Amino acid sequence: MPLAEVEPKIVAFFCNWCSYAGADLAGTSRIQYPPSVRIIRVPCSGRVNPRFILRAFQLGADGVLVAGCHPGDCHYSTGNYFSRRRLSLLRRFLAYLGIDERRFRVRWISASEGPRFAETVKEMTEELRQLGPAQKVAATSVD
Amino acid sequence: MKRVGVFLCWCGSNIAAHVDLDRVQEMSEDLGNVVHVQQNKYMCSEPGQETVRKAIQRHGLDRVVIAACSPRMHERTFRRTVEGAGLNPYLLEIANVREHCSWVHPDKETGTPVAIDLVRTAVAKAVQDVPLQSSYAGVEKRALVIGGGIAGIQAALDIAGSGYEVVLVEREPTIGGRMAQLDKTFPTLDCSSCILTPKMVEVSQDPRIRLLTYAEVESLAGYVGNFEARIRLKARSVDFVKCTGCGDCWNKCPYRTPGEFDLGLGKRKAIFIPFPQAIPSKPTIDRDTCAYFQKNGKCQVCKKFCQAGAIDFEQTDEILEEKFGAVVVATGFDLWDHARYGEYGAGEHPDVISSLELERLLSASGPSDGHLKRPSDGREPKRVVFIQCVGSRDEAKGVGYCSKICCMYTAKHAIMLKEKIPDSQAFVFYIDVRTPGKNYEEFYRRATVEAGAQYIRGRVSRIYLRGKQLVVVGEDTLLGQKVEVEADLVVLASAVVSRADAPQVAQKLGFSYDNYGFFTEAHPKLAPVETNTAGIFLAGACQGPKDIPETVAQAGAAAAKVVRLFAKDKLETEPMVARVDPEHCAGCQWCRPICPYQAIGMETLTERPGGRRVTRRVARVNTSLCHGCGACSVACRSGAMNLLGFSNEQLWAEVEALCL
């Protein structure tokens, strides 16, 4: 398949207080970015269970993006510290599962960083286009 | 089988013009569990909400999905809507097809598939929704106001005036803040202290206001209605119960140091009050200057002369722990340090000063008793150059915004200069003159016409010394030529910036701040004094540059929000909290240290498997302490911990719906 023509699909988990609001700001400011990202709202990046991410990859998501408040600015004081540690561990685990770690990104995006959000989506979409479509691993639930 | 209703909002043309809603409707009708789909031009309008309520009843809907603007905008509105039709308010999901779709993917062919995905995901989540019930918590009807400038003073007075107790915490030894440093105020030329000090006195005399100066809030825990603050009262080395404020100590004290209140232009003693009308009017010993502390117990002159015996060198910091129902943050602003402008002399020329320094030089209580003298040689300046936008509107210097107050106070300075020194001439270098405000444009006219200030449109490229003469080199962009002005004094309208420690303050109190360090309001238009932490409100320039009338108005608004909270005896708490399934909990306690609110405790369960009595320990969430972050739900190894409203099942369903 010609890679450049396929729009990759990015499953994104955004914390309600910073990153989701940042994505809203990109909207209010009418900043355009590729139609690749679909945002799931979570209260905090610390709410993102690595299993959700693995499930997305399992079902063929081309990329997963987790975004939260900048370290130190978590609405719940410490949630993003936990997600930072958890998700760096997950990143190392991805290779073991045969998932290219470039498909997985964690970004700190504040409520005032609409442009940074749009930029992140652009960059990631570009990289995923280069990588080509991901493989769907299984259709059955791992639960 | 659930009965989901999907409601597609046009938002006028905001959504309808960029998303093919008929296609979204067709797709939605094909989704499992969906029994009704409907469009409306404005779903949030009263008729729009009424269609939702009617459809719930007519079609027996038990879940509602609304595809409209961000849930941060109208989730609350629509929760009330569905509640009005007898549905639990938490059986509602919002698909954000405006901010996350139509506004960023304006092309219909691009936007429509995204909208379809978002609606499908919201439906999948809604199917997993469960009814949630709020609980209620009491309200501690006392307010904490942080910052004793005009914003904090006004907020404290308004809250106290409504009959509630207030604790006002100020870091400096006196309240008054920036406004106390000003000489006159625009556009009326009211003397700043004359209008401020009566309010300061009112604060000190109001029995419902407890004033804590020379104090700082160290930490804030808890939640709306029930905050717990730790406040450090720094040692002043003076016993305020005994002190009469007679002034003998600071008159006799032999040690002097540049005074902070006068921005280093004048001197103060080691034991001091910052300015004559300070509240409280009792002194503080600055231990960094005082000989007793610097030279091993020498001097003690103040102690010898204090007839009240109030000097207490052994005094230590005191920690207060107090409960509050609401917090108003009014920590003010700083001025951008113009030493960072190399071309303006990098802070090396004593006669290149900031506008706030000029205020002190003009003030009758300032270091020169109100006689305008230039700092280098004490001469009266005849030619004064004012430079606007020093730092402001200058991305290269890191401040992209307009500081808002400088155009007006420069006009004021030009008028004051003419008044004090009639044969003087003011020159103002400006980019634009911005005068939006009642009587502001008229005031600016007064500066040009009556005071004869010469406004030059253009930037200054350099200030240098030609011999002993300061020379300002700039460009007049209207004439398109270079200008050189010989100046006796140069006044820089330095940018209004956030306090250097603003990010730390925001982190300590638990709300967000923007790239410039200004505190972020919950919504730029509709919630300008709220933070995104319930129960914490903002007033004054800590939220962004503001003049005095705006600050006073905002402080009043913050006070009204506090009073509104205190008018209730019970507050409804957010039901989206963590919940333990005791069946699955192994009692490992991994969830406990991860909780930032100490909301997880343990309880003992007694069970009788096979008739044998067995007790085991399981986790239990205190719902009034839980903020609903969900960190524990991820830490739980047995999957016993879940977060209501963002449950494992809901998020799982969303992922699956997206990857279809």
Checklist entry - Once the dipole of region B:470-581 is set up with Lys and Arg at +1 and Asp and Glu at -1 on Cβ about the Cα centre, which of B:CYS542, B:VAL491, B:LEU470 lies farthest towards its positive end? => result B:CYS542
Checklist entry - Using unit Cβ charges (K, R positive; D, E negative) and no other charged atoms, how large, in debye to the nearest 20, is the dipole of region B:1-141 about its Cα centre? => result 440
Item to check | Sequence-distant residues sharing a close amide H with A:ARG107 (under 5 Å, placed H) | outcome: A:VAL66, A:ALA67, A:GLY68
Item to check | Within the accessible area of region A:29-143 (1.4 Å probe), percent carbon and sulfur | outcome: 50
Checklist entry - Per residue, what accessible area does chain A have, given a 1.4 Å probe and all protein chains present, in Å²? => result 41
Item to check | Relative contact order, percent, region B:318-414 [alpha-carbon distance under 8 Å, six or more residues apart] | outcome: 13
Checklist outcome for this item: Order by accessible surface, 1.4 Å probe, largest leading, for residues B:VAL621, B:VAL6 comes to B:VAL621, B:VAL6
Item to check | Alpha-carbon centroids, region B:185-206 and region B:110-131: separation in whole Å | outcome: 56
Item to check | Nearest-10 value in Å² for the accessible area of A:ARG51, using the 1.4 Å probe | outcome: 100
Checklist entry - How much FRET efficiency would the formula 1/(1 + (r/R0)^6) give for B:GLU228 and A:ARG91, where r is the Cβ-Cβ distance and R0 is 35 Å, rounded to 0.05? => result 0.40
Next on the checklist: Quick check: Cα centre of region B:216-271 to Cα centre of region B:584-600, how many Å?
Outcome noted: 42
Checklist outcome for this item: Taking a straight Cα-to-Cα line shorter than 17 Å from B:LYS373, and setting aside same-chain lysines fewer than 8 residues away, one finds B:LYS267, B:LYS382, B:LYS418, B:LYS420, B:LYS468
Item to check | Buried on assembly, region B:641-660 (at least 20 Å² less accessible surface than by itself, 1.4 Å probe) | outcome: B:PHE646, B:ASN648, B:LEU651, B:TRP652, B:GLU654, B:VAL655, B:GLU656, B:LEU658, B:CYS659
Item to check | Buried area at the B-A interface (accessible, heavy atoms, 1.4 Å probe, summed, Å²) | outcome: 4200
Checklist outcome for this item: Expressed as a whole-number percentage, the relative contact order of region B:335-475 with C-alpha contacts under 8 angstrom and at least six residues apart is 20
Checklist entry - For chain B, which longest stretch is free of loop sites, where a loop site is one of the GluC sites (Glu not before Pro) that DSSP puts outside H, G, I, E and B and that has at most 10 other Cβ atoms within 10 Å? => result B:1-313
Next on the checklist: If the only charges are +1 at each Lys and Arg Cβ and -1 at each Asp and Glu Cβ, what is the size of the charge dipole of region B:373-425 around the Cα centre, to the nearest 20 debye?
Outcome noted: 120
Checklist entry - Using θ = phi - 60° and the Karplus curve 6.51 cos²θ - 1.76 cosθ + 1.60, what whole-Hz ³J(HN,Hα) does each residue of region B:323-333 get, with Gly and Pro shown as x? => result 9, 9, x, 8, 10, 10, 9, 9, 8, x, 9
Item to check | Electrostatic dipole magnitude of chain A [Cβ: Lys, Arg +1; Asp, Glu -1; Cα centre; debye, to 20] | outcome: 420
Checklist entry - Among A:ALA23, A:ALA12, A:ALA95, whose mean-square fluctuation peaks in a Gaussian network model of chain A (Cα, cutoff 10 Å)? => result A:ALA95
Checklist entry - Accessible area per residue, 1.4 Å probe, Å², for chain B: what's the number? => result 43
Checklist entry - How much of the DSSP beta bridge set in the protein assembly as shown is antiparallel, as a percent to the nearest 5? => result 45
Checklist outcome for this item: So B:ASP432 and B:LYS420, fully extended at 0.36 nm per residue minus their Cα-Cα distance, gain in nm 1.7 nm
Next on the checklist: List the residues of region B:100-131 for which accessible area in the full set of protein chains is at least 50 Å² lower than for the chain on its own; 1.4 Å probe, protein heavy atoms only.
Outcome noted: B:HIS100, B:TRP103, B:VAL104, B:HIS105
Checklist entry - Got a sec to turn the phi values of region B:280-288 into Karplus ³J(HN,Hα) couplings, 6.51 cos²θ - 1.76 cosθ + 1.60 with θ = phi - 60°, whole Hz, x for Gly and Pro? => result x, 8, 10, x, 10, 8, 8, 5, 6
Next on the checklist: Running a GNM on chain A with Cα contacts under 10 Å, which residue among A:ARG30, A:ARG116, A:ARG129 ends up with the highest mean-square fluctuation?
Outcome noted: A:ARG30
Checklist entry - Which whole-number percent is the relative contact order of chain B (Cα, under 8 Å, 6+ apart)? => result 13
Checklist entry - So which of B:LYS184/B:LYS242; B:LYS525/B:LYS568; B:LYS242/B:LYS269; B:LYS303/B:LYS323; B:LYS184/B:LYS561; B:LYS2/B:LYS41 end up more than 28 Å apart, counting from Cα to Cα? => result B:LYS184/B:LYS242; B:LYS303/B:LYS323; B:LYS184/B:LYS561
Checklist outcome for this item: Amide H neighbours of B:SER392 at under 5 Å, excluding residues fewer than 5 places away on the same chain, with H built from the backbone geometry, are B:ALA495
Next on the checklist: Checking the a/c ratio against 1.5 first, then a/b against b/c, what shape does the Cα gyration tensor give for chain B?
Outcome noted: oblate
Checklist entry - Put simply, what bits of region A:33-57 lose 40 Å² or more of accessible area when the other protein chains are there, versus the chain on its own (1.4 Å probe)? => result A:TYR33, A:PRO35, A:ARG38, A:ILE40, A:ARG41, A:PRO43, A:ARG47, A:PHE52, A:ARG55
Item to check | For region B:555-561, 3J(HN,Hα) per residue [Karplus equation, 6.51 cos²θ - 1.76 cosθ + 1.60, θ = phi - 60°, Hz, x = Gly/Pro] | outcome: 4, x, 5, 4, 4, 4, 5
Checklist entry - Put +1 on the Cβ of each Lys and Arg and -1 on the Cβ of each Asp and Glu in the protein assembly as shown; which of B:GLY556, B:HIS523, B:ALA586 then has its Cα farthest toward the positive end of the dipole? => result B:ALA586
Checklist outcome for this item: Ranking B:ALA155, B:ALA180, B:VAL169 by how far each Cα lies towards the positive end of the charge dipole of region B:146-188 (+1 on Lys and Arg Cβ, -1 on Asp and Glu Cβ), the top one is B:ALA180
Checklist outcome for this item: Counting only residues 5 or more apart in sequence or on a different chain, those whose built amide H sits under 5 Å from that of B:TYR136 are B:THR573
Item to check | Rounded percent of accessible protein surface that carbon and sulfur make up, region B:506-613, 1.4 Å probe | outcome: 52
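The values are calculated or read from the model by the stated rules, or taken from the named source; none is laboratory data. Values in this document were obtained by computation on a predicted structure and should not be read as measured data. Cβ atoms come from the backbone with ideal geometry, glycine included; neighbour counts cover every protein chain shown. What goes into the accessible areas is simple: the full protein's heavy atoms, side chains included, and nothing from ligands, DNA or RNA. Shrake-Rupley method; radii C 1.70, N 1.55, O 1.52, S 1.80 Å.
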